[in-house]
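Taking it in order: structure first as structure tokens, then the write-up.
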Amino acid sequence: MREWLVECQMGIVKGDVTMSAPMKYPLELRERAVAMYRAADPKPVIRHMAKDLGVHHEALRNWIRQDEADRSERGDRLTSGEKDELAALRKEVRDLRRANEVLRTASAFFAAQLDPTRPR
């Protein structure tokens, strides 16, 4: 149950497939906002800049942090490439576990067919 709740918090669950939530802000807006922040000297207060841009201040703060991680200026966050790789690896593990379970079930079925004296 807890895993399902976490999946729901991370994205939209459709059947057996988890889909990402739609992006609230266009990618171009994100890129321009981060570029404006990086170009400003002295650095503006994120809350004021976000209000001027019409975005939530935490969204802008996260975009800036992610950009800093992608530029190797922060060590406490994964880069976008690392996040993509991690998501792909988690998907692969999930698929392999599912395939392993199918093979385990098939193996038990065929073992029971080959040995009729074995109790079922």
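The values are calculated or read from the model by the stated rules, or taken from the named source; none is laboratory data. From a predicted model like this one, the values you see are computed outputs, not experimental measurements. Counting neighbours? That spans all protein chains shown, and the Cβs are built from the backbone with ideal geometry, glycine included.
Quick one: count up the residues across the range 25-42 that are under 22 Å from T79 (Cβ atoms) and loosely packed, with under 12 Cβ neighbours inside 10 Å. Walk me through how you get there before you give the answer.
Narrowing the range 25-42 to residues under 22 Å from T79 (Cβ atoms): 25-39.
From what's left, loosely packed, with under 12 Cβ neighbours inside 10 Å: 26-28, 35, 39.
Counting residues in the range 25-42 that are under 22 Å from T79 (Cβ atoms) and loosely packed, with under 12 Cβ neighbours inside 10 Å gives 5.
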State the number of residues belonging to the range 57-72 that are closer than 18 Å to R47 by Cβ and either in contact with a Leu (Cβ under 7 Å, 6 or more places away or on another chain) or of a type in the set (A, V, I, L, M) (or both).
-> 3
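Please go through the range 48-58 and pick out each residue that is surrounded by 13 or more Cβ atoms within 10 Å (Cβ to Cβ), without any contact (Cβ under 8 Å) to a residue 24 or more places away in the chain and part of a helix (DSSP H, G or I).
In the first step, residues of the range 48-58 are kept if they are surrounded by 13 or more Cβ atoms within 10 Å (Cβ to Cβ); the result is 49-51, 53, 55-57.
Cutting the leftovers down to without any contact (Cβ under 8 Å) to a residue 24 or more places away in the chain gives us 49-51, 56-57.
Within the range 48-58, M49, A50, K51, H57 meet the criteria.
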From R65, R94, R61, R74, grab the single residue that is assigned to a loop (DSSP other than H, G, I, E, B), free of Cβ contacts under 8 Å to residues at least 24 places away in the same chain and surrounded by 10 or more Cβ atoms within 10 Å (Cβ to Cβ).
-> R74
Considering (1) exposed (fewer than 10 other Cβ atoms within 10 Å of the Cβ); (2) modelled with pLDDT of 95 or more, say which one L114 fails and leave the rest.
-> (2)
